[in-house]
1. Loop-only chymotrypsin sites (Phe, Trp or Tyr not before Pro) in the chain, please: DSSP not H, G, I, E or B, and at most 11 other Cβ atoms within 10 Å.
2. In bins 10 Å wide, starting from 0, what share of all Cα pairs of the chain does each bin hold, as a percent?
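What follows draws every value from the coordinates through simple rules; no lab data is involved. Bear in mind that the values here come from a model prediction, so they are computed numbers and not experimental data. We place every Cβ from the backbone using ideal geometry, glycine too, and count neighbours over all the protein chains shown.
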Amino acid sequence: MLFSGELLALAFLKYWIHQALCFVHLKIVFPSFLLISIQLHFVQSNLTECREG
């Protein structure tokens with residue numbers, strides 16, 4: 001049986017790991033996803049302009 005202090009420490013550890021992963025995700029994964037979606041948007045708009053023009 002774990003003491004409440006140890007449980008608390010484990011909970012904090014899990015929380016901080018989760019926070020770190022979220023931070024990494026926001027700093028690396030999300031911006032690259034945003035860039036890709038922006039590029040796709042421009043490609044699609046250029047294609048429609050080419051079809052119309």
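1. Qualifying residues, ordered by number: 3.
2. Histogram of Cα-Cα distances, whole percents per bin: 22, 22, 19, 15, 11, 8, 4, 0.
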